[in-house]
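Written out below as structure tokens is the structure these notes cover.
The values are calculated or read from the model by the stated rules, or taken from the named source; none is laboratory data. Just so you know, these numbers come straight off a predicted model, no measurement behind them. Backbone-built Cβ (ideal geometry, glycine too); neighbour counts: all protein chains shown.
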Amino acid sequence: MDSPESSAPYTSEPAGTAVFRLDEKSQFKLYFLQIIGRVDRSRYEWATARRSKEQTIVQLRAHSLRGIGFACVFPHIAKVFFFGSSQGHRETNLYVRAFGGDPLQPISLEYGESMEIACAGEMDVASKEFALWQRCSTVEQYLEEFVSPSICCFENHEKLKSFLL
């Protein structure tokens, strides 16, 4: 295994929610998240971001997003998670599309021989949303409820690197 790259300290925190309704059959719950304590605050924190939350929503509308699910939206990246799709994907599976840049453009989540799943903030929201999807008996019931994102940080963000050295 190659040595993992160094990581900057990571603490994500929730920064609001919104409903992203595209039509009567496509709706996403938006979770605005931010990474605090990094040098380039305008890249990671909403208060100083180069693009507002409202501008981000407008940019997301430009992409053919359809389905039911949620999105983790940071100032620098948005990941849209959805259950199933009109193309017949399994509704018990969670699928994801990523968008980055300004304006937001599709980006790949594939890296080498694997695929990125999520950062800690996204994983927190995704695990809670998946559990909510699992326990709800209707789409309407699922869409009525937002989960409560936690502040997420790593005790040691370089433990794998230290282990492998």
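Worth pointing out:
- Of residues in the stretch 100-114 being surrounded by 13 or more Cβ atoms within 10 Å (Cβ to Cβ) and either without any contact (Cβ under 8 Å) to a residue 24 or more places away in the chain or within 15 Å of the chain's Cα centre (by Cα) (or both), the one nearest to H63 (Cα to Cα): L104
- Matching entry among G67, G16, G37, G100 (being over 18 Å from G121 (Cβ atoms) and in contact with a strand residue (DSSP E or B) (Cβ under 9 Å, 6 or more places away or on another chain)): G67
- Being loosely packed, with under 13 Cβ neighbours inside 10 Å and on the phi < 0 side of the Ramachandran plot holds for only one residue in R21, R97, R43, and it is R21.
- Odd one out for I117, checked against (1) assigned to a strand (DSSP E or B); (2) within 30 Å of S3 (Cβ to Cβ); (3) hydrophobic (A, V, I, L, M, F, W, C): (1)
- Flag if E91 is in a loop (DSSP other than H, G, I, E, B) and farther than 24 Å from F146 by Cα: no
- With respect to the conditions (1) of a type in the set (A, V, I, L, M); (2) under 24 Å from F154 (Cα atoms); (3) in a strand (DSSP E or B); (4) modelled with pLDDT of 95 or more, V96 lacks only one, and its number is (4).
- The set of residues in the stretch 1-33 that are among the acidic types (D, E) and at pLDDT below 85 comprises D2, E5.
- Across the stretch 121-165, the number of residues qualifying as touching a strand residue (DSSP E or B) at 6+ places or on another chain (Cβ under 7 Å) and over 19 Å from G67 (Cβ atoms) comes to 6.
- Of the numbered criteria (1) part of a strand (DSSP E or B); (2) surrounded by fewer than 16 Cβ atoms within 10 Å (Cβ to Cβ), the one L30 fails is (2).
- The lone exception for A78 - which of (1) within 14 Å of F20 (Cβ to Cβ); (2) part of a loop (DSSP other than H, G, I, E, B); (3) in contact with a Cys (Cβ under 8 Å, 6 or more places away or on another chain) it fails: (2)
- The test for being buried (at least 21 other Cβ atoms within 10 Å of the Cβ), of a type outside the set (V, I, T), out of contact with any His (no Cβ under 7 Å at 6 or more places or on another chain) and at positive phi holds for G67.
- All positions within the stretch 120-157 that are part of a loop (DSSP other than H, G, I, E, B) and either of a type in the set (A, V, I, L, M) or surrounded by fewer than 17 Cβ atoms within 10 Å (Cβ to Cβ) (or both): C136, S137, T138, E145, V147, S148, S150, I151, F154, E155, N156, H157
- Among the residues of the stretch 99-114, the ones that are of a type in the set (S, T, N, Q) and not in a loop (DSSP other than H, G, I, E, B) come to 2 in all.
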